[in-house]
Amino acid sequence: MNIAVFCSSSNNIASHYKQAAFQLGELIAGSGNTLVYGGATGGLMDAVAEGVHSKSGKIIGVIAQSIIKMNRKSTLPTELIIVEDLSDRKVQMKTISDLFIVLPGSYGTLDEMFDIIASGVVGEHKKPLILLNYNGFYNQLIQQIDYMRSDMFIPIEEKYKPLIANHIEHCMELINLSTKNS
């Protein structure tokens, strides 16, 4: 299975986030899955790819020309897909991935996550998205989603909704369940 991971590329974040991303990468590779990610250096992107690489797993990097121009192209991918821009990167990652995991991140990570959710809501795909709420990182976002649901902006019976995992082991359990249900 191709598992896309959306996450931060910042090097300025705490090391425990990087350790968690590395562990997730090890588990992705160890379960015979392929990592699909943004193909850039830095932060959690490097950490998850290094985790996969440490277990000799397959890594597909999907990188935009603008990231290459910033000299941020990773050497870790076993396959590299170069696209024009970040919008094309989202389309390519959505197309080739079977499941999505969201690790802590910033604007780009949220953009990628909401694109997957919104396209799932309108029926463009049925691929699971797992929000890894590592260390409570997404607690406020989850509260906001609950608030939107309680005020009926999100239907009570959602056709598509993210799965929430609070730790990496739970994330892997959800991946395994998703594999069995597909």
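Overview of values
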| item | result |
| --- | --- |
| Residue within segment 11-32 that is open to solvent by 60 Å² or more (accessible area, probe 1.4 Å), of a type in the set (Phe, Trp, Tyr) and within 21 Å of TYR138 (Cα to Cα) present | yes |
| Options LYS55, LYS94: the member that is under 11 Å from the mean Cα position of the chain (by Cα) and open to solvent by 20 Å² or more (accessible area, probe 1.4 Å) | LYS94 |
| Selection from segment 94-127 of residues that are among the hydrophobic types (A, V, I, L, M, F, W, C) and touching a strand residue (DSSP E or B) at 6+ places or on another chain (Cβ under 9 Å) | ILE96, LEU99, PHE100, ILE101, VAL102, LEU103, LEU110, MET113, ILE116, ILE117 |
| Search result, residues across segment 151-169 that are under 30 Å from ALA20 (Cα atoms) and either among the hydrophobic types (A, V, I, L, M, F, W, C) or in contact with a Lys or Arg (Cβ under 6 Å, 6 or more places away or on another chain) (or both) | LEU163, ILE164, ALA165, ILE168 |
| Single match in GLU173, GLU157 (criterion: at pLDDT below 95 and closer than 20 Å to PHE6 by Cβ) | GLU173 |
| The lone exception for ASP146 - which of (1) in a helix (DSSP H, G or I); (2) under 23 Å from ALA29 (Cα atoms); (3) charged (D, E, K, R) it fails | (2) |
| Number of the exception - GLU112 against (1) free of Cβ contacts under 8 Å to residues at least 60 places away in the same chain; (2) in contact with a helix residue (DSSP H, G or I) (Cβ under 7 Å, 6 or more places away or on another chain); (3) open to solvent by less than 20 Å² (accessible area, probe 1.4 Å); (4) in a helix (DSSP H, G or I) | (1) |
| Per-region count, segment 150-182, residues part of a helix (DSSP H, G or I) and of a type outside the set (Asp, Glu) | 13 |
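Yes/no per residue for (1) free of Cβ contacts under 8 Å to residues at least 12 places away in the same chain; (2) open to solvent by 40 Å² or more (accessible area, probe 1.4 Å); (3) farther than 30 Å from PRO155 by Cβ:
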site: GLY38; (1), (2), (3): no, no, yes
site: ASP98; (1), (2), (3): no, yes, no
site: ILE117; (1), (2), (3): no, no, no
site: PRO128; (1), (2), (3): no, no, no
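The values are calculated or read from the model by the stated rules, or taken from the named source; none is laboratory data. Everything numeric here is computed off the predicted structure, so don't read it as measured data. Note: ideal-geometry Cβ built from the backbone for every residue, glycine included; neighbour counts use all protein chains shown. Surface areas here come from the heavy atoms of the whole protein model, side chains and all, with no ligands, DNA or RNA. Shrake-Rupley method; radii C 1.70, N 1.55, O 1.52, S 1.80 Å.
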